[in-house]
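Asks: Have a look at this one.
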Amino acid sequence: MGNDDERGNERDNERGVATKTRPKTKKPSQYRVLLLNDDYTPMEFVVGLLMGVFKKTQEEATKIMMDVHQNGIGICGIYTFEVAETKVAQVLDAAKRHDHPLKCTLEKT
Ligand code: TYC
């Protein structure tokens, strides 16, 4: 006795048509992008990055920046690995170019 999918596959095979759907696909892992506080990076610079890189509104960006400023660390967003890695690189690159010590990292959810 098979399930409906397997019977469907058998009928497809009789006609020589391969339509097997794979039931074991996995959702891509998700990664938190974290922003770290420091004493030197200007608040406006952090807000600008949150708007430019993470597509936050001015209000959202200000809230996240103040959260990081007060708690030492905060979440900018949750993305697949490639997207998270790219955003971290964009933040670190912009910080370096402006000589700010801003740090940003990612962690698996
Ligand atoms: N603490 C910084 C200041 O007082 C502002 C700041 C916020 C820096 C968030 C980094 O991730 C950061 N200018």
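Computed from the coordinates by the stated procedures, all read-outs in this text should not be read as laboratory data. This is a predicted model, so every value here is computed, not measured. For neighbour counting, all protein chains shown are included, and Cβ atoms are generated from backbone atoms with ideal geometry for every residue, glycine included.
Asks: For segment 20-46, which positions are out of contact with any Asp or Glu (no Cβ under 6 Å at 6 or more places or on another chain) and under 20 Å from ALA84 (Cβ atoms)?
Replies: LYS26, LYS27, PRO28, SER29, GLN30, TYR31, VAL33, LEU34, LEU35, LEU36, ASN37, VAL46
Asks: Would you mention how many residues in segment 30-86 are more than 10 Å from the ligand (Cβ to nearest atom) and outside any helix (DSSP H, G or I)?
Replies: 14
Asks: On the basis of being touching a Cys at 6+ places or on another chain (Cβ under 8 Å), in contact (Cβ under 8 Å) with a residue 12 or more places away in the chain and of a type outside the set (Lys, Arg), does VAL33 make the cut?
Replies: yes
Asks: Can you pull out the residues in segment 76-94 that are under 16 Å from MET43 (Cα atoms) and in contact with a helix residue (DSSP H, G or I) (Cβ under 8 Å, 6 or more places away or on another chain)?
Replies: CYS76, VAL91, ALA94
Asks: Would you pick out the residues in segment 84-109 that are closer than 15 Å to LEU50 by Cβ and hydrophobic (A, V, I, L, M, F, W, C)?
Replies: Scanning segment 84-109 gives ALA84, VAL88, VAL91, LEU92, ALA94, ALA95, LEU102, CYS104.
Asks: Can I ask one more? Quickly run through segment 96-109 and pick out the residues that are within 19 Å of the chain's Cα centre (by Cα) and within 13 Å of the ligand (Cβ to nearest atom).
Replies: Once the filter is applied, which keeps residues that are within 19 Å of the chain's Cα centre (by Cα) and within 13 Å of the ligand (Cβ to nearest atom), segment 96-109 yields LEU102, LYS103, CYS104, THR105.
Asks: Of all residues in segment 62-109, which are of a type in the set (Gly, Ala, Ser) and surrounded by 15 or more Cβ atoms within 10 Å (Cβ to Cβ)?
Replies: Result: GLY74, GLY77, ALA84, ALA94, ALA95.
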